[in-house]
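Student: The structure that follows is given in the form of structure tokens.
The values are calculated or read from the model by the stated rules, or taken from the named source; none is laboratory data. Computed from a prediction, not measured in an experiment: that's the story for all the values here. FYI the Cβ positions are ideal-geometry reconstructions off the backbone, even for glycines, and counts take in every protein chain you see. Accessible surface is based on the protein model in full, side chains and every heavy atom, while ligands, DNA and RNA are left aside. Shrake-Rupley method; radii C 1.70, N 1.55, O 1.52, S 1.80 Å.
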Amino acid sequence: MGRGSSGGRWIERWDPEDEVFWAEQGERIARRNLVFSVLSEHIGFSIWTLWSVMVLFMGPEYGIDPAGKFFLIGTATLVGAVIRVPYTFAVARFGGRNWTVFSALMLLLPTGAAYAVMEPGTSYGTFLVVAALTGVGGGNFASSMTNINAFFPLRKKGWALGLNAGGGNIGVPVVQLVGLLVIGTAGAAHPRLVLGVYLPLIVLAALCAALYMDNLAPVKNDTGAAKEAVRDPHTWIMSFLYIGTFGSFIGYSFAFGLVLQTQFGRTPLQAASLTFVGPLLGSLIRPVGGSLADRFGGARITLWTFAGMAAATGTVIYASVAESLAVFLVGFIALFVLSGLGNGSTYKMIPAIFKAKALAKGMAGEAAEAYGRRLSGAAMGLIGAVGALGGLAINLAFRQSFLTVGTGTGAFVAFLLSYAVCFTVTWAVYLRRPAATPAPVASAEAKPQLSYAEV
């Protein structure tokens, strides 16, 4: 371990695919960085989804209708998606540890701004600006996943990335639980108490990153890899599939409480007492999706995830038409669980697919591993950003549906059709076996000439 020109703790040699290196020191270092990466990303997710809670405090005295509230949370979603791209490249430029410290401290800006303006009489334009600032929390996911991807060997990536992302995703239900606690004890007139909880937690996350995380000197931004990833059709196919999984998770996380209030007439306390359940279960199951993908192949798990999401959406449509809150909750929570499962399996597919391309080019051994790491690292930020835009689409669909027909039914019909398309694309690209020469494949134990069905 040494020091780089930018200061801080730098590791000069890192080779996780070397089993001796991994056993002697690599695994211990990687796990330590994973723990504190999860902490920082967790707080980032909480701040990104802060307005899913703030809108529950915004009663009639704020003068904002449901469509305006959906646009507020959509604004936070949009900024969080777009900012993922530069955050992805920041890790190699500044170091994973250094960027985690900086990105954690950046969360003080939207949290402090929300604390200053969260009261009746504030203009809608001001609320939009502050909601946009919370998007920096969405960027933490991209930098964290890029960083952790570099620490772990391919055979462990599904588990590590799933745990990292799942621990971060849990920030969504946690901030909603904090909101529930505040509404249940102090009432809906005290949103600043939620913000007061997070200000010291942000400082704690930054301090832990500074003390316990490392920078990897071998990790460099590779503009050639980025250009190659952008040109590769699999980057865009996986971006589309990630819209279906993560886009659904984050979009529903933002919208769930507001849908309960608007369509089913729940009070802020009633909505808050239900809102956190789906995101919590979806977050907890994400590492399971990664582990199942490690064992059975990410494409298979992703395929059946989309089938389940289509079925759950059909249930929600029925409940929406029948005005059955109980059935609606069952279907909606199932959507969270299945989207979390799919989040883990789709991210596992990314490094496997690019290793497959290396095998197709005739590479083997460490050369194939290095190519897979290089391309998947470049692609992950773009895939994560495009996938998060699915959350924006979901909130805009809800906004339009409530404006047009007064319920979310129209939006759910659109979601059902999109899951059917995702199912078809997954099967056609990664599971359908060609009649002639099979396409090259990828898996943790990939060998040349295998099929993408093994992804």
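Student: Place a +1 charge on the Cβ of each Lys and Arg in the chain and a -1 charge on the Cβ of each Asp and Glu, then give the dipole magnitude about the Cα centre in debye, rounded to the nearest 20. All intermediate terms of the calculation are to be shown ahead of the outcome.
Tutor: Details: 31 positive and 21 negative charges, 115 e Å.
With Lys and Arg at +1 and Asp and Glu at -1, about 560 debye.
Student: Rounded to the nearest 20 debye, what is the charge dipole size of region 212-335 about its Cα centre when +1 sits on each Lys and Arg Cβ and -1 on each Asp and Glu Cβ? Write down the numbers at each step before the final one.
Tutor: Numbers: 7 positive and 6 negative charges, 13 e Å.
I would put it at about 60 debye.
Student: Checking the table Lys156/Lys348; Lys227/Lys348; Lys157/Lys227; Lys156/Lys227 against a 20 Å threshold on Cα-Cα, which pairs fail? Mind dumping the intermediate values first?
Tutor: Working: Lys156/Lys348 10 Å; Lys227/Lys348 22 Å; Lys157/Lys227 23 Å; Lys156/Lys227 27 Å.
From Lys156/Lys348; Lys227/Lys348; Lys157/Lys227; Lys156/Lys227, over 20 Å: Lys227/Lys348; Lys157/Lys227; Lys156/Lys227.
Student: Take each complete run of DSSP H in the chain, measure how far its Cα atoms stretch along the helix's own axis, and keep only those covering 27 Å or more with mean Kyte-Doolittle hydropathy at least 0.5; list them. Walk me through the numbers on the way to the answer.
Tutor: Values: long enough: 27-48 (30 Å, 0.27); 192-212 (31 Å, 2.11); 277-296 (28 Å, 0.69); 298-322 (36 Å, 1.08); 325-360 (51 Å, 1.41); 365-405 (57 Å, 0.72).
Span-like helices in the chain: 192-212, 277-296, 298-322, 325-360, 365-405.
Student: Then there's this: Taking all protein chains in place and a 1.4 Å probe, what share, in percent, of the accessible surface of region 19-100 do carbon and sulfur account for?
Tutor: Values: 1760 of 2770 Å².
Ligands and nucleic acids excluded, carbon and sulfur reach 63 percent.
Student: Probe radius 1.4 Å, ligands and nucleic acids ignored: give me the carbon and sulfur share of the accessible area of region 102-195 as a rounded percent.
Tutor: Details: 2010 of 2770 Å².
Exposed carbon and sulfur together represent 73 percent of the surface.
Student: Turning to a different aspect of this structure: What's the extension gain from Glu17 to Glu119 if we count 0.36 nm per residue and subtract their Cα-Cα distance?
Tutor: Details: separation 102, 0.36 × 102 = 36.72 nm, distance 5.33 nm.
Residue separation times 0.36 nm, minus the Cα-Cα distance, leaves 31.4 nm.
Student: Can I ask one more? Calculate the spin-label point distance for Asn221 paired with Val203, positioning each point 7 Å from the Cα along the beta-carbon direction, and give it in nanometres.
Tutor: The two pseudo-label positions are separated by 3.2 nm.
Student: Skipping prolines and chain starts, which residues have an amide H placed within reach, meaning under 5 Å, of the one on Asn215, given they are 5 or more residues away or on another chain?
Tutor: Those lying under 5 Å, H to H, from Asn215 are Arg9, Trp10, Ile11, Arg97.
Student: Using the per-residue mean of other Cβ atoms lying within 10 Å as a proxy for protection, in what order, highest first, do the peptides 238-247, 135-144 fall? Mind dumping the intermediate values first?
Tutor: On the way: 238-247: 26.3, 135-144: 28.4.
Ranking, from highest mean packing down: 135-144, 238-247.
Student: Moving on to the next point. About its Cα centre, how strong a charge dipole does region 29-117 have in debye, to the nearest 20, once Lys and Arg get +1 and Asp and Glu get -1 at the Cβ? Walk me through the numbers on the way to the answer.
Tutor: Values: 6 positive and 3 negative charges, 109 e Å.
My answer is approximately 520 debye.
Student: Additional query: Quote to one decimal, in nm, the extra length available between Val82 and His190 on full extension: 0.36 nm per residue of separation minus the C-alpha distance between them. Can you show the working numbers first?
Tutor: On the way: separation 108, 0.36 × 108 = 38.88 nm, distance 3.11 nm.
Once the chain is fully extended between Val82 and His190, it gains 35.8 nm.
Student: Let me check against my output: what whole-number percent is the relative contact order of region 1-112, with C-alpha pairs under 8 Å and at least 6 apart? Don't jump to the answer; show the numbers that get you there.
Tutor: Numbers: 47 pairs, mean separation 30.6, N = 112.
27 percent.
Student: If you don't mind, another one. Whenever you get a sec, compute what percent of the accessible area on region 211-328 sits on carbon and sulfur atoms (1.4 Å probe).
Tutor: Working: 2860 of 4350 Å².
On region 211-328, the fraction of accessible area on carbon and sulfur atoms equals 66 percent.
Student: Shape of the chain from its Cα gyration tensor (a ≥ b ≥ c, root eigenvalues): rounded if a/c is under 1.5, otherwise prolate when a/b > b/c, or oblate?
Tutor: oblate
Student: If I stretch the segment between Asp65 and Ala414 completely, what's the gain in nm (0.36 nm per residue apart, minus their alpha carbon distance), one decimal? Each step should come with its number before you reach the end.
Tutor: On the way: separation 349, 0.36 × 349 = 125.64 nm, distance 2.32 nm.
Fully extending the segment from Asp65 to Ala414 adds 123.3 nm.
Student: Hey, how many Å between the Cα centroid of region 15-64 and the Cα centroid of region 116-195?
Tutor: After rounding, the separation between the Cα centres reads 9 Å.
Student: Same structure again: Averaged per residue, what accessible area in Å² does the chain show with a 1.4 Å probe, protein chains only?
Tutor: Details: 16360 Å² over 455 residues.
Here the per-residue accessible area is 36 Å².
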